[in-house]
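Undergrad: Shown below is the structure under consideration.
Values quoted throughout were computed directly from the atomic coordinates according to the rules given, and no laboratory measurement underlies them. Note that the structure is predicted; figures quoted are calculated from it, not measured. We place every Cβ from the backbone using ideal geometry, glycine too, and count neighbours over all the protein chains shown.
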Amino acid sequence: MKKLLCLILLVVVLTINSYPVSGISAGAAVVINGDNGDILYSHNSDVRLPMASTTKIMTALVMLENCKNLDSEIVTTKEMVTVEGSSMGLIEGDRVSYRALLYGMLLSSGNDAANTAAIAISGSIEGFVELMNKRARDLELSNTNFVTPSGLDAEGHYTTAYELALVAREALKNPEFAKAASAKSATLCFGNPPYNRNISNHNRLLSMYDDIVGVKTGFTKKSGRCLVSAAKKDGKYVVAVTLNDGNDWADHRFLLDAGLGAIEVYEYKPKSESLSVPIVSGEKGFVKASVSAAEFSKPKGQSVTSITYLPHFLYAPVNSGEIIGNIEYYCFDRLVYKSNIISKGVKKTQDDMFNLIYENVRLILSFV
C-alpha cells in the first residue's frame with residue numbers, strides 16, 4: 001500500500017510539472033518567478049539556441065548602464081546604419097538620441113538602432129559585444145554568448161531559454177527599460193534635421209494579454225520565432241521565454257497564465273511590539289528594534305519557515321534606523337527573502353565607571 005501511494009504521488013508530481021509545456025510548440029521554453037528567478041516550468045530550457053532580436057534585451061540594458069544621458073544625441077555614420085534586417089529608419093548623418101535608440105530597439109527591433117548604440121558606446125561592434133558578454137558573466141550565465149548586438153545570426157551567438165529569462169528579469173529592474181518594453185507605441189524624433197516619427201511595438205502580446213509588461217520579439221530563419229514576455233498580477237510576477245516557436249502568441253498566454261497560477265504571495269506584517277537587544281554603555285539597558293514587513297511570492301502551497309538573526313548585545317551608541325539584524329525566510333530549505341531588523345537608537349551613557357562595570361558584566365554573561 002505504501003509503495004502504491006508513493007507511485008501515485010510521483011505520477012501526480014510529474015503531471016503537474018509537465019502539463020503547462022506539454023501542449024506548446026516551442027523548441028525550448030521556460031517560465032520563471034520574476035521575484036527570485038525560480039523555474040516554474042521548463043522544456044529544454046538549458047539547450048543552447050540562437051535567440052534572434054531578443055538579443056536586444058541585453059543590448060538595451062548595456063547601453064542604459066553605460067550612457068550618462070539618454071537625451072544626448074549621436075550623429076550616425078555609415079558603419080552604424082549599414083545593417084540588414086529590421087530597422088527604425090536611420091540613415092547616415094541622422095541626429096538621434098540614446099532614448100530614441102532604446103525605443104527603436106525594443107519597439108521596432110531596429111538592427112540599425114542596436115549597431116548605432118554599440119558603436120556610440122564602445123567605438124566598435126566588437127568592443128560593445130565584449131561589454132555584453134561581461135554583463136552575462138556578471139549574471140553568472142554559462143550558456144550565453146553574444147557575437148552581434150542586433151541578434152542577426154552568427155556562429156557562436158546563442159543563449160538558453162532559462163538564461164534569456166534571467167537577462168530579461170535583470171533588464172526589467174531598470175525603469176527606463178521597463179517603460180520602453182511595455183510601450184505599445186512611441187513618437188521618436190530623429191533625422192537630419194530631426195522630425196517626429198511614430199512607431200509601433202512588434203510585441204502583439206501588449207494588446208492580447210491584460211497583465212503583460214513586455215518584453216521583446218525576435219525572428220530569423222535560423223532561430224525561428226523567439227519571444228520573451230513578462231506579466232505582473234496581484235503582487236505576482238513571472239517571465240516566460242520561448243525559442244523556435246511557431247505558435248508563440250498563444251503559447252505565451254498559456255505559459256503566463258500557468259506561471260501566475262503556480263505562485264502565491266506571502267505576507268508577514270510585524271506585530272506592534274518591538275524586539276529588544278541588551279546594550280553596553282547605553283543610557284538604557286536595551287535598544288528597541290522593529291522588523292520590516294515582508295512580502296514575496298512563492299510556489300503555491302509551499303510552507304514558509306523563518307530564522308531571526310540578532311546579536312546577543314550591542315555597544316552604545318546605536319543610531320536610530322541602523323540595521324542590527326535580519327529575518328531570513330525559507331521555502332524547502334531555500335532562502336527566498338530577507339527582511340531587516342531596524343534599531344530605535346540609544347545614546348552612550350556619560351558614566352565611565354558604570355560603562356566599565358556594565359561592559360564587563362555583559363561580556364561575562366555572553367560567555368556563560
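Undergrad: Which of 192, 175, 209 sits closest to the plus end of the dipole of the range 156-239, meaning its Cα is farthest towards the positive end, when Lys and Arg get +1 and Asp and Glu get -1 on the C-beta?
TA: 192
Undergrad: Can you tell me how the range 245-351 classifies by the Cα gyration tensor, rounded, prolate or oblate, using a/c under 1.5 as the rounded cut? Could you put the intermediate results ahead of the total?
TA: Numbers: a/c = 4.17, a/b = 3.53, b/c = 1.18.
Prolate, since a/c reaches 1.5 and a/b exceeds b/c.
Undergrad: Please compute the modelled spin-label separation between residue 221 and residue 66, points set 7 Å along Cα→Cβ, answer in nm with one decimal.
TA: 3.1 nm
Undergrad: Next question, about the same structure. Report the one residue of 123, 308, 335 whose Cα lies farthest in the direction of the positive end of the charge dipole of the chain (charges on C-beta: Lys and Arg +1, Asp and Glu -1; origin at the Cα centre).
TA: The residue sitting most towards the positive pole is 308.
Undergrad: For residue 38, enumerate residues with amide H under 5 Å from its amide H, sequence gap 5+ or separate chain, H modeled in the peptide plane.
TA: So residue 38 has HN proximity to 33.
Undergrad: Can you tell me what share of the DSSP beta bridges in the chain is antiparallel? A percent to the nearest 5 is fine. Could the numbers behind the result be given before it?
TA: Values: 66 of 68 bridges.
DSSP beta bridges in the chain are roughly 95 percent antiparallel.
Undergrad: Taking amide hydrogens as modeled 1.01 Å from N in the peptide plane, which residues meet the under 5 Å criterion relative to residue 345, leaving out close sequence neighbours?
TA: 288, 321
Undergrad: Still on this model: Could you work out [θ]222 nm for the chain from helices alone, using -39500 (n - 2.57) per DSSP H run of at least four and dividing by all its residues? Round to the nearest 500 deg cm²/dmol. Could the numbers behind the result be given before it?
TA: Details: 11 runs with 122 residues, N = 368.
Here the helix-only value at 222 nm equals -10000 deg cm²/dmol.
Undergrad: R0 = 41 Å: FRET efficiency of residue 154 with residue 232, Cβ-based, nearest 0.05?
TA: Numbers: r = 34 Å, r/R0 = 0.82.
With a Förster radius of 41 Å, E is 0.75.
Undergrad: For the range 136-187 and the range 276-290, compute the distance between their C-alpha centroids and round to whole Å.
TA: What the calculation gives is 48 Å, centre to centre.
Undergrad: Applying 1/(1 + (r/R0)^6) with R0 = 30 Å to the Cβ-Cβ distance of residue 75 and residue 184, what FRET efficiency is obtained, to the nearest 0.05? Please report the intermediate quantities before stating the final value.
TA: On the way: r = 30 Å, r/R0 = 0.98.
Computed FRET efficiency for residue 75 and residue 184: 0.50.
Undergrad: With the cut-off at 24 Å, tell me which of the pairs 134/232; 179/233; 298/338; 269/348 have Cα atoms farther apart than that.
TA: 134/232; 269/348
Undergrad: Another question about this same structure. With +1 on each Lys and Arg Cβ and -1 on each Asp and Glu Cβ, how big is the dipole of the chain about its Cα centre, in debye rounded to the nearest 20?
TA: Details: 37 positive and 38 negative charges, 147 e Å.
Dipole about the Cα centre, nearest 20: 700 debye.
Undergrad: Starting at the first residue of the range 30-38, write each ³J(HN,Hα) from the Karplus equation 6.51 cos²θ - 1.76 cosθ + 1.60 with θ = phi - 60°, in whole Hz, x for Gly and Pro.
TA: Computed from phi, the couplings for the range 30-38 are 7, 10, 10, 6, x, 6, 10, x, 4 Hz.
Undergrad: Taking θ as phi - 60°, what are the ³J(HN,Hα) couplings along the range 334-342 by the Karplus curve (6.51, -1.76, 1.60), each to the nearest whole Hz, with x for Gly and Pro?
TA: Values, residue by residue: 10, 5, 10, 6, 9, 10, 8, 10, 10 Hz.
Undergrad: For residue 304 paired with residue 124, estimate the spin-label separation in nm (one decimal), with each label point 7 Å from Cα along the Cα-to-Cβ line.
TA: 5.1 nm
Undergrad: Could you grab the relative contact order for the chain? Cα pairs under 8 Å, six or more apart, rounded to a whole percent.
TA: Working: 804 pairs, mean separation 57.2, N = 368.
Reported as a whole number, the value is 16 percent.
Undergrad: Check residue 192: other-chain or 5+ apart residues with amide H under 5 Å from its amide H, H built from backbone geometry?
TA: It is 95, by chain and number.
Undergrad: Angle check, please: helix 352-366 long axis (alpha carbons) against the longest principal axis of the chain (alpha carbons), in degrees 0 to 90, nearest 10.
TA: 70 degrees
Undergrad: Quick check on the range 25-261: what does the Kirkwood estimate of hydrodynamic radius come out to from the alpha carbon pairs, in Å?
TA: Numbers: mean 1/r = 0.0576 Å⁻¹.
When all Cα pairs of the range 25-261 are included, the Kirkwood radius is 17.4 Å.
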